[in-house]
1. Could you list, in sequence order, all residues of the stretch 312-335 that are surrounded by fewer than 18 Cβ atoms within 10 Å (Cβ to Cβ), in a loop (DSSP other than H, G, I, E, B) and of a type outside the set (Ser, Thr, Tyr)?
2. Take residue 150 and tell me if it is over 17 Å from residue 239 (Cβ atoms) and buried (at least 19 other Cβ atoms within 10 Å of the Cβ).
3. How many residues are open to solvent by 40 Å² or more (accessible area, probe 1.4 Å) and farther than 15 Å from residue 477 by Cβ if we restrict to the stretch 416-433?
4. What do you reckon, is residue 413 open to solvent by 60 Å² or more (accessible area, probe 1.4 Å), modelled with pLDDT of 95 or more, among the aliphatic types (A, V, I, L, M) and more than 16 Å from the ligand (Cβ to nearest atom)?
5. Condition first: of a type outside the set (Phe, Trp, Tyr), in contact with a Pro (Cβ under 9 Å, 6 or more places away or on another chain) and not in a strand (DSSP E or B). Now tell me which residues in the stretch 138-173 satisfy that.
6. When you look at residue 65, is it touching an Asp or Glu at 6+ places or on another chain (Cβ under 8 Å) and surrounded by 14 or more Cβ atoms within 10 Å (Cβ to Cβ), yes or no?
7. Restricting attention to the stretch 68-87, report how many residues are open to solvent by less than 20 Å² (accessible area, probe 1.4 Å) and small (Gly, Ala, Ser).
8. Let me confirm something: among 387, 482, 466, which residue is away from the ligand (no atom under 13 Å from the Cβ) and exposed (fewer than 14 other Cβ atoms within 10 Å of the Cβ)?
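The values are calculated or read from the model by the stated rules, or taken from the named source; none is laboratory data. Here the structure is a predicted model, which means the values were calculated and not measured. With ideal geometry, Cβ positions are generated from the backbone for all residues, glycine too; neighbour counts draw on all protein chains shown. These accessible areas exclude ligands, DNA and RNA; they are computed on the full protein's heavy atoms, side chains included. Shrake-Rupley method; radii C 1.70, N 1.55, O 1.52, S 1.80 Å.
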Amino acid sequence: MAEQVKGGKGGGGKEPPQATEITPQSKDFSQWYLDVVRRAELADYTPVKGCMAIRPYGYAIWELIQQSLDKRFKATGHVNAYFPLFIPASLLMKEKEHVEGFAPQVAWVTRGGDEELAEPLVVRPTSEVIIGTLYSKWIQSWRDLPVLINQWANVVRWEKVTRPFLRTTEFLWQEGHTAHETEAEAQEETMRILSLYKEFAESELAMPVVDGQKSESEKFAGASRTYSIEALMGDGRALQAGTSHHLGQNFAKAFSIQFQGRDKTLQHAWTTSWGVSTRLIGGLIMTHGDDNGLVLPPRVAPYQVVIVPIPRGNWQETVLPKAREIAAELTRNGVRVMLDDRDAYTPGWKFAEWELRGVPVRVEIGPKDIEKAQVVVARRDTREKSPLPADGLAAAILTLLDDIQKALLQRALKFREEHTTRAATYDEFKCAMEGRPGFVIAGWCGSGECEATIKAETQATLRNIPFGSERVSGTCVRCGKPAEGEAWFAKSY
Ligand SMILES: [Zn+2]
């Protein structure tokens with residue numbers, strides 16, 4: 001990552017603009033988001049409409065997300081594999097609901113070199129159909145089950161309106177595809193992954209999520225049931241942060257994934273699929289960021305600590321060696337450290353720059369600190385500064401990083417609580433959606449018609465029906481009929 005830092009010794013060029021060029025959240029949240037993405041060098045626009053370049057700093061966050069998820073997938077018995085980018089068009093057509101759901105977003109390949117293709121290919125929008133085709137070859141007997149495969153890949157969905165990380169034509173993700181002997185096992189897998197996603201989002205991204213089931217109209221095209229985790233962003237809009245689908249036997253029937261059962265009969269497998277994407281980076285930005293820029297939870301911060309030496313007197317002979325010593329000690333203790341020793345930039349500029357890039361902890365060290373055998377430590381989340389003894393610094397920093405990780409989750413939870421309301425009547429519901437944005441919990445009768453009316457009239461979508469949501473004796477917020485349960489609604493990304 002060192003090449004990320006521009007300038008270098010004796011650069012002397014003009015300093016790039018300060019964080020002040022970020023639009024305040026209160027003025028325009030959407031512009032704030034784009035400013036942070038650009039100024040923190042997470043991603044950039046490209047000549048390809050709707051496709052972003054993920055810059056090294058943004059990609060480093062993605063790598064940390066990947067590593068952390070991959071470890072969890074493997075710990076639950078999954079293995080990685082890779083399937084083709086292209087899908088013969090006829091395959092996509094095999095599962096009716098699936099093709100209807102995805103056809104409007106599919107990119108086509110009709111020529112290869114100077115030849116018209118006999119059968120056009122589509123660029124995968126998701127891989128159920130190509131993987132299902134392979135599973136029908138690989139699965140013959142109940143002894144071949146379960147199949148627990150994940151793929152890290154890119155997919156393409158032709159989007160009309162795009163926004164870096166949140167919705168782009170091409171994006172990176174992981175897609176798990178599993179096949180099971182029984183419906184119960186497939187359901188168990190679907191739930192296992194959903195709770196894995198929730199645990200990951202909360203412990204690594206410090207992003208609290210509501211886990212629950214999607215309504216019929218919001219479920220994945222071709223699935224029997226879709227479950228999601230939903231997060232609340234800083235502007236009060238919800239973000240679907242991950243989904244886990246129980247596909248029933250729908251794809252197994254369309255792609256002949258059949259096996260000989262324990263009782264020697266030929267049966268269709270039960271399959272699942274599940275995914276999270278680079279959208280999580282958008283979620284991170286909008287969950288924790290502030291008017292000074294990005295705020296990264298330590299566990300997914302490319303640099304957890306930035307050390308800024310204060311250049312006074314003969315600092316290169318005194319301060320710099322000490323700063324290097326601290327950097328080495330922190331690195332030995334597993335901390336990801338950046339020592340910003342560029343002399344072409346002032347400490348004040350560096351402070352603002354690394355705040356903007358969301359580094360959780362800044363360590364300042366100058367001649368006076370060396371005299372006092374201390375350093376000055378600043379937290380990005382609270383922006384508090386305090387001295388810490390140089391002796392035993394690594395242990396103190398590790399504790400501090402842990403505290404910040406927890407504090408960010410608590411802060412986000414508190415924000416969600418403050419932005420979640422209950423609506424007993426439709427008037428209350430409409431009022432809540434117009435005024436203070438956030439989640440609105442309301443009784444729902446289960447009808448798609450009520451859901452569609454609510455969406456048309458308030459722009460709020462049914463995010464999910466959380467597990468353990470009260471089986472209320474109340475009524476549907478829209479029609480007044482008995483409610484099936486409580487659903488969480490929000491305006492969403
Ligand atoms: Zn209703």
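1. If the condition is that a residue be surrounded by fewer than 18 Cβ atoms within 10 Å (Cβ to Cβ), in a loop (DSSP other than H, G, I, E, B) and of a type outside the set (Ser, Thr, Tyr), then 312, 313, 314, 316, 317, 333, 334 are the ones that fit.
2. For residue 150, the condition - over 17 Å from residue 239 (Cβ atoms) and buried (at least 19 other Cβ atoms within 10 Å of the Cβ) - is met.
3. 3
4. Spelling it out, it is not the case that residue 413 is open to solvent by 60 Å² or more (accessible area, probe 1.4 Å), modelled with pLDDT of 95 or more, among the aliphatic types (A, V, I, L, M) and more than 16 Å from the ligand (Cβ to nearest atom).
5. 157
6. yes
7. 1
8. 387
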